[in-house]
Amino acid sequence: MPAAPTAIPWLGLTAVLLGTFISTVNTRLSNFGLADIRGAVHAGFDDGAWITTAQTVAQMLVAPVAIWMGGVYGSRRVLLEAAAAFAVISFIEPFSPNLQMLLGLQFAGGLATGFFVPLTLSFVLKNMPPKAWAYGIAVYALNLEVSLNISASLEGWYVDYLSWKWIFWQNVPLAVGMATCLHYGVRPEPVNPNPPRPDLYGFAAGGIGLALIYAALDQGNRLDWTNSGLVWGLMLAGVILLAAFFVHEKRTPNPGVNLKVIFTAPMPRLLLLIAFLRLTILSTAYVIPQFLQVVRGFRALEVGQTLVWLAAPQLVICLLAGYILRRTDPRLVASFGFACICAACLMVAHGLTPLWGSDQFLPSQLLQAVGQSFALSGTVFFAVLHLRPQDALSFGAGTQIARLMGGEIGQAFITTFVRKRGQIASNLLGQHLQSGDPDVVRRLQAYAAATARAGDPESATTRGASVLNNVVHSMSITQGIIDAFVAIAALTALILILIVTRGAAPAGPASHDPIFAPRGSRSR
């Protein structure tokens, strides 16, 4: 059993979980607050679209390097320096005089936070007793879900009551708190006197390849995918570099990444499950704000009042998930979670209308909160039972890549899907609106009368037509979002099939714990 890093190992766990929280919430805050940030640096829509891309591309770029540095210098030292760097970067970002400076700082911040998630799982596995792994992983799932779903509320509150600058400044106390917990909660690790030679070619080819593919996915919907030479160039260059990385890692005697951990069964399927889970979670995290902002005209703070119900019950749910994980097959926990997500999506698809608000989303959001926590903790714990602790760094990096890439593929797919389905619905609705049709004329007259202005009867027809156009637009977007929830439910059902067809996990290092032992072998 690995020894605890200090007398207070949970302080060390708090540190690395704070890192995961910072990494996720910072990306989401930049998304929700993008309009305010663009305005502050006088950036247009197209140029400003790279603000969030710059940060996450850097996280992908540094993922292979995080494995090597964590193994050579130890998680504590790497995370301390990354947290300090991120605190400084976050403090100076709001003072950026132009877009170029902001993009450079976003990229630097992404390099720093790119170390946080890969090293979190390795800390849980290497520095906590195996009987506590289930709770550590459940808290890891809690951390990701809470940070993902409170971002809209935080961003809205900052903009309404403080300043858009707090979108960045809120990271400073979080990073300082993370560094403090690391300093007091984790013992310094001995530096390897004979560290392996860094695989510079592998780091460059793998990191840059992943970063280019991610950038293509992130910008694809805006640039219209295959009609953009930039998207084609980014994707092809990324694929070629990634192929070269795999060939190099297979042939070099000192690979920077242990591909055997990633590609030995059942890891490929388990990482695919994590990517699929991120796809469904980030898809719904995009679709609901899209509906509330576009159809209902809600502000970020009002959108947050809906999404916060995914975050609020997570503390209780994660403890329950950890308790159940220690006493049953993690496949059952994950299957129950995915079934809840599927049911929540179908609830929305069945009842959604343009009149829905926060209250109408509440039942499905509570059900999805349970599903997401159980699904993520069950899937990750099932994967962990197949690991040796020394493989934790490689698995952590693989999880980071699967998490980010799965989420980006999911958001790219759903963004394009909603747009296309909305266009189809708008076209079908428009076919039933013919000039001179008695029903259309009566509806136009009713809208004109409802928006009548004293002394301005001439514009009545124009006002009525404008209102009717807005109604058709809202109905078409609503139909596209309904179709998206059906598609997410179908994907979730597919993931459920992948889980239930998996064989049982091995007993793992936790088998010494009577709670993990087969029922018939437990002491009485």
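So here's what we get for this one:
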| read-out | value |
| --- | --- |
| Meets criteria (more than 17 Å from the chain's Cα centre (by Cα) and without any contact (Cβ under 8 Å) to a residue 12 or more places away in the chain) for F246 | no |
| Check on G256, of a type in the set (G, A, S), out of contact with any helix residue (DSSP H, G or I) (no Cβ under 7 Å at 6 or more places or on another chain) and not in a helix (DSSP H, G or I) | no |
| Selected residue [touching a residue at least 24 places away in the same chain (Cβ under 8 Å), small (G, A, S), surrounded by 19 or more Cβ atoms within 10 Å (Cβ to Cβ) and closer than 20 Å to E155 by Cα] from A321, A344, A300 | A300 |
| Exclusive hit being assigned to a helix (DSSP H, G or I), modelled with pLDDT under 85 and closer than 24 Å to V308 by Cα, set G407, G337, G398 | G407 |
| Any hit, the stretch 343-355, residues being more than 22 Å from L271 (Cβ to Cβ), part of a helix (DSSP H, G or I) and either polar (S, T, N, Q) or in contact with an Asp or Glu (Cβ under 9 Å, 6 or more places away or on another chain) (or both) | yes |
| All positions within the stretch 469-505 that are over 20 Å from G297 (Cα atoms) and among the β-branched types (V, I, T) | V486, I488, T492, I495, I497, I499, V500, T501 |
| Check on A132, surrounded by fewer than 23 Cβ atoms within 10 Å (Cβ to Cβ) and assigned to a helix (DSSP H, G or I) | yes |
| Residue count, the stretch 79-95 (criterion: in contact with a helix residue (DSSP H, G or I) (Cβ under 8 Å, 6 or more places away or on another chain), closer than 20 Å to P190 by Cβ and surrounded by fewer than 23 Cβ atoms within 10 Å (Cβ to Cβ)) | 1 |
| Matching residues, the stretch 371-419, being more than 15 Å from the chain's Cα centre (by Cα) and among the acidic types (D, E) | D391 |
| Subset tally (residues that are in a helix (DSSP H, G or I) and of a type in the set (S, T, N, Q)) for the stretch 315-334 | 0 |
| Total residues in the stretch 214-231, condition within 20 Å of Q411 (Cβ to Cβ), in a helix (DSSP H, G or I) and more than 24 Å from the chain's Cα centre (by Cα) | 3 |
| Scan of the stretch 1-16 for residues that are modelled with pLDDT of 55 or more and surrounded by fewer than 24 Cβ atoms within 10 Å (Cβ to Cβ), ordered by number | P9, W10, L11, T14 |
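The values are calculated or read from the model by the stated rules, or taken from the named source; none is laboratory data. Bear in mind that the values here come from a model prediction, so they are computed numbers and not experimental data. Cβ coordinates were reconstructed from backbone atoms using ideal geometry, including for glycine residues, and neighbour counts include every protein chain displayed.
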